[in-house]
Structure formats: C-alpha cells, structure tokens
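Trainee: Below are the structure tokens for one structure; questions will follow.
The values are calculated or read from the model by the stated rules, or taken from the named source; none is laboratory data. From a predicted model like this one, the values you see are computed outputs, not experimental measurements. Counting neighbours? That spans all protein chains shown, and the Cβs are built from the backbone with ideal geometry, glycine included.
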Amino acid sequence: MLHSRLDYKKMAGQHLLVLIVCLILLKFSATFASKQNTTTLNEAATCIDGASITLTFGFYINSCPEAEPIIFSWVEKAVSDDPRMAASLLRLHFHDCFVNGCDASVLLDDTPNFVGEKTAAPNTNSLRGFEVIDAIKADLEYVCPQTVSCADILAIAARDSVVLSGGPGWEVEMGRRDSLSASKTAANNNIPGPNSDVATLVSKFQNVGLSLQDLVALSGAHTMGKARCSTFSARINSSSSIANSPDVNLEYLESLQQLCSQSDANTTLADLDHITPTTFDNQYYVNLVSGEGLLGSDQALLTGNEETRGIIECYAGDMGAFFEDFKMAMLKMGRLQQANGGDGEVRTNCRAVNQLGS
C-alpha cells in the first residue's frame, strides 16, 4: 500500500492554479524568446581563450548541406536498434558542455599527455554512444572532409534523439570547434552527481551560466534512459525520517529495493521514468509529484526548494510549457564557452586530436 498518495480532491483547486501560472509563464517565455530571436538565437557568440566564435543556424548549409540528414539517419538507426540510445546521446551532449564548454572533449581517449574525461566518476562505465558518434563522423569525413566538428555532431545528435523519442524539435546553432585536450578533474568537479541536493545542483548550473529554471527544464531529460542501482542506493536505503516524508512513495521504493537486491547493483538498471521510459514527455515531472523520482537529485528538486517545486508542478500539468523551456535551455547550454584549447580544430577522428588521429 502506498505510504503517500496525492489527494486529488484536495489538489483540484491547486492544480487549476498551477495551470494558470503555467500559462502566464509560457506567455512570458514566448514573449521573451521572440525578443531574443533576432539577436541571441540567430547568432550567438562564444569564445576560446578570448577568440570569438560565432554560432549560427544553418552553419553547414553551403560547406556540407548533407550534414544534418546524415546525422539524423545514423541517430534514427541507432535509436531503432536500441531505444535507450536516445537518452545516451542526449547525455553525451550534457556531459560535454558541463566541462569547459561544448567542445567534444568528452569524446577524447586517454593519451600519454593527458587523462581524458571518459574515466571520470560521472562518466566511467556510464556514458554510451561513442560508436554512434564514430560512425557519423566517418560518414561525414567521406562526404565533407574536416568540415563538421565533433562538438556540433553531439549537439545535433542530442536534438535528433529528442525528436525521435517524441519530443520537441529545434534548430541547432552550429560552428563549434573541437578541443585539443580534456580534463578528468573538471569532469569530476563540474558534472552534478545523482545524489546532489538542490543547493549543489543550483550552484553547479550557475557556475556555467545556467539558471534555476534551466536546471529544472534540463533535468526533464531524465524522462528517458536508465540508471544503475548503485547511483540511487542512498534513496532506497534511506533513513526512517526520509521514508516517513509525505513526498515519498514507499511502494515505488520497495519495488526498487526488490529489483536491486536480486543481482549486482553495479550492473542492474532501472528506468529513470518507469511509466514511459523511452518517450520524451513530461512524465518525469508527474513521477516526481507522485514521489517516484529514481535519483535522489531528481526527487530533491521537488522536496528541497519551493521554487523548483513550483516549476515541476507546472511542467507536470503542462507538457507544452516544459517543451518550450527545454528547447530554450538546450540552446542556452549549447552556447557554453570553451575555456581552453586555443582556437580549437575540426577533428577527423572524434576520439583524438588531429596530430594524433591522422
């Protein structure tokens, strides 16, 4: 029996109020976005060591018009073969951008000169989809040699993964350069952990220029994918005080305990969204309101901050509002600055810088 169920009769008035607030927020967001379209969204500047790089829509329209169709076809095949791959490719873009900007540093293998980011704690035995990026890059190098950056491939593949899973589409800004190095230390320090509290999450997002609303919107990516039992063990082995919280669904936690007790916690996987695990929708937020968030960091967004709770309740009641804010947050994240690497390059092999990859 559930320890805590939403009393829908008591919440009817609250739900109506949330929907009204959602409509106001959506109207404001759309108005703000329209004002930005002629400046920020059409042409966004980022920099590498002070050198200006302009991101634009349709960046490859002349140099490689086949780029986006090629990327889409490979992502479509990968997601058809393995629906979980959509979440994996989306996650690659996230983990890339949070470490010194969106520069494909996450794709670099270790070399004698530096240790890459693949073995950082948030990434090791966790990130997937490298072989899909390899296939895309090989195809693009055949059609348009040394033209499309690996960083742009990640950004476009992330968008396509969302679209192919039933989510919203958006035009991707392009023109990123690939880094010449990677940082395991930065990956360990910058990428939010699965048991982070709200203060930590907000701080890590603000450190890269993303807002609290961006945090909640981008967390909606957890509407797809899976996580190992070891990443949410603290949630299912919680103290009695947490178990007695009105925001905890004991039946859901007990089902997770049963799943994770049957085999190795390092290999057993659970769906981040157990209702629609391969569909990009707002079910993640509905689950949080019902006390069915998988990761401690996800459920903390509901319980640890009134402002994040309000946004979650808004998205749970209005998928359109979530989709609009998610698109805006993805564009914003995609502009994160590249902090190191000179002017960068367009790698011919996404796993190595050119002097090593050639």
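Trainee: In the stretch 73-114, how many are among the charged types (D, E, K, R) and surrounded by 24 or more Cβ atoms within 10 Å (Cβ to Cβ)? Explain how you work it out, then say what you get.
Mentor: Initially, the stretch 73-114 is screened for residues among the charged types (D, E, K, R), giving 76-77, 81-82, 84, 91, 96, 103, 109-110.
Remaining after also requiring surrounded by 24 or more Cβ atoms within 10 Å (Cβ to Cβ): 96, 103.
Total satisfying the criteria: 2.
Trainee: Moving on. Check whether at least one residue in the stretch 277-287 is touching a His at 6+ places or on another chain (Cβ under 6 Å) and crowded, with 19+ Cβ neighbours inside 10 Å, and report yes or no. Before you say what the answer is, go through the steps one by one.
Mentor: Let us first name the residues in the stretch 277-287 that are touching a His at 6+ places or on another chain (Cβ under 6 Å), namely 284.
Checking which are crowded, with 19+ Cβ neighbours inside 10 Å leaves us with 284.
Yes.
Trainee: Now for a separate question. Take the residues of the stretch 54-97 that are assigned to a loop (DSSP other than H, G, I, E, B) and in contact with a helix residue (DSSP H, G or I) (Cβ under 6 Å, 6 or more places away or on another chain): which is farthest from Pro277 (Cα to Cα)? Steps first, answer last, please.
Mentor: To start, the set of residues in the stretch 54-97 that are assigned to a loop (DSSP other than H, G, I, E, B) comprises 57-66, 82-84.
Next cut, in contact with a helix residue (DSSP H, G or I) (Cβ under 6 Å, 6 or more places away or on another chain) only: 60, 66.
Values: Tyr60: 34, Glu66: 31 Å.
Result: Tyr60.
Trainee: While we're looking at this one, here's another question. Would you be able to tell me the number of residues in the stretch 224-238 that are outside any helix (DSSP H, G or I) and either in contact with a Cys (Cβ under 7 Å, 6 or more places away or on another chain) or free of Cβ contacts under 8 Å to residues at least 40 places away in the same chain (or both)? Working first, answer last.
Mentor: So the first thing to find is which residues in the stretch 224-238 are outside any helix (DSSP H, G or I), and the list is 224-228, 232, 237-238.
Keeping just the survivors that are either in contact with a Cys (Cβ under 7 Å, 6 or more places away or on another chain) or free of Cβ contacts under 8 Å to residues at least 40 places away in the same chain (or both) gives 237-238.
Count: 2.
Trainee: Kindly state which helices (runs of 4 or more DSSP H) lie completely within the stretch 261-358 and contain at least 2 residues that are out of contact with any Leu (no Cβ under 8 Å at 6 or more places or on another chain), acidic (Asp, Glu) and modelled with pLDDT of 95 or more. Give the steps one after another, and end with the answer.
Mentor: Working: elements: 283-289, 296-303, 306-317, 319-334, 354-357.
The qualifying helices (runs of 4 or more DSSP H) are 306-317.
Trainee: Here's something else I'd like to know. For the stretch 84-124, which positions are more than 24 Å from Leu55 (Cβ to Cβ) and touching a strand residue (DSSP E or B) at 6+ places or on another chain (Cβ under 8 Å)?
Mentor: Across the stretch 84-124, the qualifying residues are Arg84, Ala87, Asp109, Thr111.
Trainee: Select, from Ala135, Ala151, the only residue that is part of a helix (DSSP H, G or I), more than 19 Å from the chain's Cα centre (by Cα), closer than 23 Å to Asn349 by Cβ and small (Gly, Ala, Ser). Show your work before the answer.
Mentor: Working: Ala151 fails: more than 19 Å from the chain's Cα centre (by Cα).
Only one candidate passes the filter, namely Ala135.
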